[in-house]
Amino acid sequence: MALKTCEEFLRDALDPARFGREMKAVTEVPEIVELGRRHGYGFTAEEFLTKAMTFDGTAAGGTAAGGPEAGGQQAPRQTPPPGTPANGAPAPATATSFAHYEYRLDDLPEFAPVVAELPRLKVMPPSARLDRFAGHFREEDARTVSTSPADPAYQAWHRDLAARGWQDEGAAPGAPRRDFHLVNLDEHVDYPGYEDYFAAKTRVVAALENLFGGEVRASGSMWYPPSSYRLWHTNADQPGWRMYLVDVDRPFADPGQTSFFRYLHPRTREIVTLTESPRIVRFFKVEQDPEKLFWHCIANPTDRHRWSFGYVVPETWMDALRHHG
């Protein structure tokens with residue numbers, strides 16, 4: 001019975017008239033289970049995963065998923081070459097390189113509805129258990145963000161751990177993965193403030209769709225407590241333009257000692273490090289071509305708390321900033 005209920009949810013969830021933008025705001029299975037519960041569908045995470053593997057992708061009424069009726073993304077239009085400023089777009093906050101664009105949110109008045117939601121997005125779920133979290137820090141892993149992902153020794157280390165699911169040999173079931181030491185906010189749904197948080201996420205998706213004039217989907221909501229990191233990765237399984245809203249709990253005392261975003265320049269193979277400040281937005285493009293992979297990592301070696309909210313945005317995002325600018 002639960003599997004049938006789960007199938008009904010999957011079909012109904014493709015109808016934007018039923019769920020609006022809520023499905024575009026979810027990123028993790030616990031959120032899907034909670035969303036189903038709030039709409040009267042009862043199923044577990046295991047039941048959802050079982051049914052999702054065999055779901056044919058057809059919405060209620062026979063509409064194929066991804067079509068216009070399901071809110072499917074339009075065919076992307078050609079975009080300027082990376083690194084080419086959009087005529088009339090706001091100037092990036094820092095000198096931009098081939099692979100990224102970065103702006104201060106305070107310089108983008110069109111982002112005001114998004115900025116207004118940041119206090120409701122920057123949550124600290126008590127279920128994250130920071131005392132236990134701190135105990136999983138691995139100094140030897142944190143040091144790898146200072147190594148180039150193109151280094152043969154690093155590549156061998158990466159392949160070995162990836163083949164083991166980023167777990168130590170003999171690790172107990174449910175042990176933390178070693179490729180990230182952070183809190184995935186969307187895995188925490190059992191605390192009193194979650195519904196307000198999720199409502200804010202949904203409003204941000206709506207605001208971004210209004211701004212960019214195309215489909216926007218959340219890709220992840222991460223809390224980086226002090227001494228946290230996300231090791232080198234490419235996101236190549238989800239290609240396209242990414243946008244990240246980044247904020248911290250208070251300004252950094254020393255602009256040279258901040259959290260940072262680091263990437264391997266796809267063309268020059270240079271390591272680019274972007275120090276951070278409060279309330280910024282960053283764009284970069286994720287490719288699947290092995291010659292264009294966007295290797296990047298994030299670290300917060302400070303005593304501040306950092307949040308990062310990711311979205312897959314339309315290819316024409318720069319045109320929208322130019323229009324509003």
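The values are calculated or read from the model by the stated rules, or taken from the named source; none is laboratory data. Note that the coordinates shown come from a computational prediction; the quantities given were computed from them, not determined experimentally. Reconstructed Cβ throughout: ideal geometry from the backbone, glycine too, with neighbour counts over all protein chains shown.
Computed quantities for the displayed model
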quantity: Test result for residue 135, surrounded by 11 or more Cβ atoms within 10 Å (Cβ to Cβ) and over 18 Å from the mean Cα position of the chain (by Cα); calculated: no
quantity: Residue match in segment 277-288 (condition: surrounded by fewer than 19 Cβ atoms within 10 Å (Cβ to Cβ), at pLDDT below 95, under 30 Å from residue 253 (Cβ atoms) and of a type in the set (D, E, K, R)); calculated: no
quantity: Segment 139-150 residues that are over 10 Å from residue 299 (Cβ atoms) and not assigned by TED's automatic domain parsing to the domain that holds residue 259, paired with ones that are among the aromatic types (Phe, Trp, Tyr) and in a helix (DSSP H, G or I) (beta carbon under 6 Å, 6 or more apart); calculated: 147/154
quantity: Flag for residue 266 being surrounded by fewer than 17 Cβ atoms within 10 Å (Cβ to Cβ) and either more than 17 Å from residue 114 (Cβ to Cβ) or not assigned by TED's automatic domain parsing to the domain that holds residue 220 (or both); calculated: no
quantity: Candidate set: segment 259-315, residues that are more than 18 Å from the chain's Cα centre (by Cα) and of a type in the set (Val, Ile, Thr); chosen: the one nearest to residue 245 (Cα to Cα); calculated: 275
quantity: Among (1) modelled with pLDDT under 95; (2) in contact with a Lys or Arg (Cβ under 7 Å, 6 or more places away or on another chain); (3) not β-branched (Val, Ile, Thr), the one test that residue 182 misses; calculated: (1)
quantity: Residue 68, sole failed condition from (1) of a type outside the set (Gly, Ala, Ser); (2) surrounded by 12 or more Cβ atoms within 10 Å (Cβ to Cβ); (3) at pLDDT below 85; calculated: (2)
quantity: Filter pass, residue 85 being modelled with pLDDT under 55, outside the structural domain of residue 287 (by TED's automatic domain parsing), surrounded by fewer than 19 Cβ atoms within 10 Å (Cβ to Cβ) and in contact with a Phe, Trp or Tyr (Cβ under 9 Å, 6 or more places away or on another chain); calculated: yes
quantity: Qualifying residue in segment 210-231 (condition: in a strand (DSSP E or B), small (Gly, Ala, Ser), modelled with pLDDT under 95 and under 30 Å from residue 14 (Cα atoms)); calculated: no
quantity: Criterion: over 30 Å from residue 35 (Cα atoms) and free of Cβ contacts under 8 Å to residues at least 60 places away in the same chain - qualifying residue of 273, 302; calculated: 273
quantity: Residue list for segment 234-259, restricted to those being farther than 22 Å from residue 293 by Cα, touching a residue at least 24 places away in the same chain (Cβ under 8 Å) and either of a type in the set (Gly, Ala, Ser) or assigned to a loop (DSSP other than H, G, I, E, B) (or both); calculated: 249, 250, 251, 252, 257, 258, 259
quantity: Residue match in segment 97-105 (condition: loosely packed, with under 13 Cβ neighbours inside 10 Å and either of a type outside the set (Val, Ile, Thr) or modelled with pLDDT of 60 or more (or both)); calculated: no
quantity: Residue satisfying all of: in segment 244-263; acidic (Asp, Glu) and modelled with pLDDT of 95 or more; nearest to residue 114 (Cα to Cα) among these; calculated: 247
quantity: Qualifying positions in segment 189-209 - outside any helix (DSSP H, G or I) and touching a residue at least 40 places away in the same chain (Cβ under 8 Å); calculated: 189, 190, 191, 193
quantity: Total residues in segment 162-188, condition without any contact (Cβ under 8 Å) to a residue 24 or more places away in the chain and either more than 18 Å from the chain's Cα centre (by Cα) or in the same structural domain as residue 310 (by TED's automatic domain parsing) (or both); calculated: 14
